[in-house]
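The values are calculated or read from the model by the stated rules, or taken from the named source; none is laboratory data. Since the model is a prediction, treat every value here as computed from it, not as a measurement. Cβ sites come from the backbone with ideal geometry, for glycine too, and all protein chains shown count toward neighbours.
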Amino acid sequence: MNISLDSPEKFANEFFQEYMLGGFGSKNKTDIEILVFNLLKKYSSLKDKTSQQDLSLALRIPLSKVSRLCYEANLRYSNELSFTESIKPILLEAHFNVENNRVRFAVEDKYLRLQLHAKMKEIHGFADSSFNSEVVSISITDFTEFYTSVFPDEAKKLADRLQTAIKEPKTVHSSFAANLSTYLKQLSTDGSIQVLSGITLQVILKALFLL
């Protein structure tokens, strides 16, 4: 386990202060694990790791445990400032998917997702994670308002990133449809399947949301 402390003195002092709250020995094993995990995220080489998968590999513990520790540590020790600081690198590195006037991107951390949902409500917006719990879907309007409040000087960069992320469904789908059509016709020519009529092929493509 190659983890180094950037500030051993701060780590030790904060651990001591938190450990003694409520009296010596009042914290159980789970409390201590959450405390140490939080301090490692603050004062060690782990602070630069935004991926829970990376944390799992560095700590040599299951991803499910990392997810739980992140959530518990954030609930106990996070504040408004730390949310902003935590969400920034995620948004800066996020791979945006823009389709049907909505922006989709991944947020692994459950606490940050819930905070993001709460922030959307504050601006009378809505964030949806019903399709995939780790993916957040927000309307372009709501997302732009939130993003520019976190990055007030980067509105132009955001516009460029969203424009780049916008899918070209007709081009992509037409190309795929053409390839599928060629493939199916080749199969029918080879005698692998019966010849498909144009109507049948159209039904297949519609079923795949290609037309």
Output for the range 98-141, where each listed residue is at pLDDT below 85 and assigned to a strand (DSSP E or B)
Val98, Glu99
Is one or more of the residues making up the range 145-162 more than 16 Å from the chain's Cα centre (by Cα), hydrophobic (A, V, I, L, M, F, W, C), over 26 Å from Tyr77 (Cα atoms) and surrounded by 16 or more Cβ atoms within 10 Å (Cβ to Cβ)?
yes
Just to be sure before I move on: is Glu72 among the charged types (D, E, K, R) and touching a residue at least 60 places away in the same chain (Cβ under 8 Å) in the structure I sent?
no
Set Asp31, Asp54: member being surrounded by 15 or more Cβ atoms within 10 Å (Cβ to Cβ) and assigned to a helix (DSSP H, G or I)
Asp31
In the range 78-96, is there at least one residue being part of a helix (DSSP H, G or I), more than 30 Å from Leu162 (Cα to Cα) and touching a helix residue (DSSP H, G or I) at 6+ places or on another chain (Cβ under 7 Å)?
no
Regarding the range 64-86, can at least one residue be identified that is of a type in the set (Ser, Thr, Tyr) and farther than 30 Å from Phe143 by Cα?
no
Only one of these conditions is not met by Ser44: (1) farther than 23 Å from Arg113 by Cβ; (2) over 24 Å from the mean Cα position of the chain (by Cα); (3) surrounded by 11 or more Cβ atoms within 10 Å (Cβ to Cβ). Which number is it?
(2)
